[in-house]
1. What residue, among those in the range C:87-146 that are basic (Lys, Arg) and free of Cβ contacts under 8 Å to residues at least 12 places away in the same chain, is farthest from B:Trp245 (Cα to Cα)?
2. Report, ordered by the first and then the second residue, all pairs with beta carbons closer than 7 Å, sequence separation of six or more or different chains, a first member in the range C:181-194 that is at the interface with chain B (Cβ under 7 Å from one of its Cβ atoms), and a second member that is assigned to a helix (DSSP H, G or I) and of a type in the set (Lys, Arg).
3. Out of everything in the range A:439-466 that is crowded, with 19+ Cβ neighbours inside 10 Å and out of contact with any helix residue (DSSP H, G or I) (no Cβ under 7 Å at 6 or more places or on another chain), what residue ends up being nearest to A:Pro321 (Cα to Cα)?
4. Looking at (1) under 19 Å from A:Ser62 (Cβ atoms); (2) at pLDDT 90 or above; (3) part of a loop (DSSP other than H, G, I, E, B), which one does A:Ser145 not meet, given that it meets all the others?
5. Residues in the range B:35-51: is at least one modelled with pLDDT under 80, among the hydroxyl-bearing types (Ser, Thr, Tyr) and under 30 Å from B:Gln257 (Cα atoms)?
6. Looking only at helices (runs of 4 or more DSSP H) that lie completely in the range A:330-423, which have at least 1 residues being of a type in the set (A, V, I, L, M, F, W, C), closer than 26 Å to A:Arg293 by Cα and within 11 Å of another protein chain (Cβ to nearest Cβ)?
Amino acid sequence: MTVKKISLAISTASILAIVGFFSPAYSASKNLTVVLSEEPDIVDPCEATRSNVGRIVKQNVSETLVEIDPKDGSIKARLATGWKQTDNLTWHFDIRKGVKFHDGEDLNAKSVVKSIKRALNPKYDCEIRTKFFGNMSVSASAIGSHTVAIKTKKPQPIMPALMGTMTIVSPNTQEAKGVRNPQGTGPYVFGTWTPGQSVSLKRFAGYWGDKPVVENVKYVFRKESAVRAAMVKTGEADIAPNIAVQDATDSKMDFSYFNSETARLRIDMSRKPLDDIRVRKAMNLAVDLDALRGTIFAKGVVKQTQIVVPSINGHNPRLKPWPYNLKEAKKLVAAAKADGVDVGKEIVMIGRLGIYPNSTEAMEAMHAMLTEAGFNLKIKMMETAGWLNFLSRPYAEDRGPTLVQGQHDNNNGDAVFSMYNKYACKGAQSTTCDSKVEAGIKAATVATGDKRRDTWQEVQRRLHQDIVPDVQMFHMVGFSRVNPRINFTPSISTNSELQVSQVKFN
Amino acid sequence: MLIINEKTLILKKLKIIFSMFLNDKLALISIIFLIFILFVAIFGPYLINDSFTKMNLRLRNLAPFSFEHNFMYFLGADALGRSMIARLIVGTQNTMFIAGSAVILSMTIGGVLGLVSGFFGGKGGNIIMRLADIIMSFPSLLLAVIVLYMFDPGLINLVIVLAFTRLPIYMRTARAEVLEIRERLFVSAAISMGASNSRIIFKHIAPLTIPTLITIATLDFAFVMLGESALSFLGVGIQPPEVTWGLMVAQGRNYLQIAWWLAFFPGLIIMLVALSLNLLSSWLRIVLDPRQRWRLENIGVKNE
Amino acid sequence: MKKYLSKRILSSLLAVTGLFIMVFFLARLTGDPGHLYLPIDAPLEVRKEFSEKHGFNDPIYIQFGRFVSDLANGNFGDSLRKQRPAIDVVLEAIPVTLSLAAVAMSIALFGAILIGSLAAYKPNGVFDRVSRVVSLTAASAPDFWVAITAILIFSVSLRWLPTSGIGGFPYWIMPIGILVIRPLGLLVQVVRGSMITALSSDFIKTARAKGVKEKAVIFKHGLRNGLLPVITVAGDQAAAIANGAVIVETIFGWPGIGKLMIDSILQRDFAVVQASILITAIVILSINIIIDIAYAVLDPRIRHK
């Protein structure tokens, strides 16, 4: 078996060499080349919630039941044309008629149910399930030819929003995660995947919606932002959806957009001296966010007051960001010290390399600012695996006080996707346990309409003013570079998807 | 009758060495430069005012060669507004320590192992060489990540990792030299005269391997500096707030288009130090090899 | 000769086994990959389930036992990330790195022999000094810095070359150029050094006295003996290229084994890490065996041991 594989390797090498010398010119006209920072390990649509998978697959190859409008979080029809809650625990979704999968199968209630069951199968670790559904018990069944009933054990008012993550695949798809040739209903058919080099898609003639302009799409992968930016500049690529701020130097080609990410330093409130609210307030007052904006962070970042961005349902627009007031910060520190709080205890700032551009400089800058307020801090930069040990449960028993550099994104329309994990007593990254916050999260999760929104907003207020669980930083901005021959404007959803049907030529 | 005492002998030796330096101007410049670097490494951080290493966001990415600011900012400022010159001075200490320790460690241990393996051969020698093979096939990156994860990512651990990965090159070179030298006539002569093994190794063979080992070591010094920089590029090297030249280059690479000096000056100084080391090493090689010394000594008319 | 060869191969196999075992344990010591693999927001129970399912919670000797029995069946395990057999992923990546390494090493070796020999012919002469400074400057530059600068100059400003990627001849120029610089610089010095020693030895003087032509003196007599340490260093350099092409592969987007290894290490994809180390180790050990054979061929004194 291995001999076969070795000969495969040898023939691959020789083919590489031969083909290399005769690579045909790639006709530019109606074709699009997108350069991403990383190759996706997997193109299975049930992993489409991962941004480097979603940018290729989501809404291009495989579509979701509903689509969330990034501007205001409202829910629009996609493969489902209508939905209603029939009772406390059940939602009905009407499936669009006359749609076919790339392999010829029909889109109907049966195929949707099969697709949902596959994504939520606990035997496989589809990210749709692990990220959004957890251990929620969901049962999907077909009612008639084009209606699907989704029933849960507990009320789920945001089921429609959740269905915005559910990518639908053909009933012929293998059960196990890892399909390398996904068959969906989207405007593009999955073409070839040359591992390590490129992925290509071709326009689907039988698409149910409007015919897109781009005929073929090719995705290539370059780790260095400078290289991605260079490729678009020379015309080797058309779109680089994500480049670093210092490479975005061309005002004609570069666009900045809110990428729905929020950067913060998470305070471990369970460890002294961070359990004293004066200490936490002082930290927020000691950081000069304006000095960081336009220097280490892009000019367009917005100071945060809460973990969710303004377009999310539950965002409280009445909260004001912390001002920079070093004198006040020092006063608070002195007051805490006078009460016996050990403000001089060494606090470790845990950073994650590359979490956002200039992440290391950001940590060094914050370190300098917090030290001025009188704290004793040490920076520890780590790579992702090590950092995760500090960010998420289970926490080490013998840990000291830490500030963990974090970034969270939520562009799924509702605060519920952020609040439990970050601030509930048992949340995976939470170090807070406040009864009012806990009650608020529980109530909002099952509420609807205005009540839901108001409850979330009260939770945000309590966190911002009474609890202060984070050193609040920014809602982040991303940068894209787009070649002038292309007409495409990145939006908040460019962080996780790139709908080729929205791309036009100039 | 000449009365020669100790003092005149030493003076005479020094005079000879000095004249040998004069005959190789490049080596002279190199040693002066290296002594300067050593001085900066030891005393530099104490001589500069703290303020220049403090963050100053208004001077972020300040361009070099301007006369408007303090002379400390002549080479520009980095992404946090810290003076490049100050950062380079502080980085000298760490860089020299890491690279120097790693090289000395690996040269000594690797050299001895290679000597033993080459001279005695047999099973022991074989095992030593297999060890070299294993180390060479072991990705230094994996080791660095593991060390960084399990222990505190500090200078000492970085030195150990770097030294460990450079061992094989000394082991194999020393062994190769020994294999070749062992066959020479004078060694067979020494053996037949009944010299003990240790005498043969340390008096006859080892001195002959040293020139090659030193040549490799001085080059290796540069590679260790660059290796440490590569680890920083991949995110598993020395971590801020510690700083080395390598880390400065790695961090500066993100700014090549808008602030080229962030990566250029630390890279330049790495190159200059490496260059000096090598020029010095080829001078050393000639001095230490009795058959080549004549090129540097003032015997008769100089042919140059 | 045959006996020597088989002995070498056997001890190399032992080395590979030792390496493999060491890597298994060391890699597992870096912690639970489930943490990394699942999304940050995954609830704790999901995380626990994941570890259970993949056996990461079992004591390490049980994991090792399972690993060994899988290996006996030719199964290196599946890549956690890519959901396919790890060995497939590795065997796709190896040819890329090998071709880079082979081309770079050949250019470096021949260039070094040429330049080094000429430099050694007149030590401290003009050519010697200039080549010394140039080769060293080139070898001392941080390769990722040179790579990105080269892209900025040759692709973006001058538009002479493509920025990155695999393809025809123009795509090879910059990656190979970067890869060649350091080995070339190092080898020129080593060739020069050992050629100087060789050229001043007795048998060279004899050859000259006998009236052998200068060219033959250098290339036939001097090179033969001067080459021994050069081959050692060259072999190490080849291994270093195979192991360390990660930076070139990362920047230029070549899907080689270096990049694969560092990505798998950072993502704790154990199966791929092990498989790639194994294949790399086999390649490097083979190179070492070839070097030892070359020794024996070049130096009759060693051959008759």
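1. Kept after step one, since they are basic (Lys, Arg), are these residues of the range C:87-146: C:122, C:129, C:132.
Of the ones still in play, those that are also free of Cβ contacts under 8 Å to residues at least 12 places away in the same chain are C:122, C:129.
Numbers: C:Lys122: 36, C:Arg129: 27 Å.
This residue is C:Lys122.
2. Between residues of the range C:181-194 that are at the interface with chain B (Cβ under 7 Å from one of its Cβ atoms) and residues that are assigned to a helix (DSSP H, G or I) and of a type in the set (Lys, Arg), the close pairs are C:Gly193/B:Arg285.
3. A:His464
4. (1) is the only condition that A:Ser145 fails.
5. Step one: of the range B:35-51, the residues modelled with pLDDT under 80 are B:48-51.
Of the ones still in play, those that are also among the hydroxyl-bearing types (Ser, Thr, Tyr) are B:51.
This time we only want the ones that are under 30 Å from B:Gln257 (Cα atoms), so: B:51.
Checked against the condition, which is being modelled with pLDDT under 80, among the hydroxyl-bearing types (Ser, Thr, Tyr) and under 30 Å from B:Gln257 (Cα atoms), the range B:35-51 yields at least one hit.
6. Values: elements: A:359-372, A:384-391, A:416-423.
Hits in the range A:330-423: A:359-372, A:384-391.
Residues checked against (1) within 12 Å of another protein chain (Cβ to nearest Cβ); (2) modelled with pLDDT under 90; (3) buried (at least 23 other Cβ atoms within 10 Å of the Cβ):
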residue: A:Arg50; (1), (2), (3): yes, yes, no
residue: A:Ile56; (1), (2), (3): no, no, yes
residue: A:Val61; (1), (2), (3): no, no, yes
residue: A:Gly98; (1), (2), (3): no, no, no
residue: A:Asn108; (1), (2), (3): no, no, no
residue: A:Ser115; (1), (2), (3): no, no, yes
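Yes/no per residue for (1) within 20 Å of A:Phe101 (Cα to Cα); (2) modelled with pLDDT of 90 or more; (3) assigned by TED's automatic domain parsing to the domain that holds A:Leu498; (4) surrounded by fewer than 17 Cβ atoms within 10 Å (Cβ to Cβ):
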{"site": "A:Ala149", "(1), (2), (3), (4)": "no, yes, no, no"}
{"site": "A:Met166", "(1), (2), (3), (4)": "yes, yes, no, no"}
{"site": "A:Pro182", "(1), (2), (3), (4)": "yes, yes, no, no"}
{"site": "A:Thr192", "(1), (2), (3), (4)": "yes, yes, yes, yes"}
{"site": "A:Asp210", "(1), (2), (3), (4)": "yes, yes, yes, yes"}
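The values are calculated or read from the model by the stated rules, or taken from the named source; none is laboratory data. The structure presented is a predicted model; accordingly, all values stated were derived computationally and were not measured. As a convention, Cβ positions derive from the backbone with ideal geometry for all residues, glycine included, and neighbour counts pool all protein chains shown.
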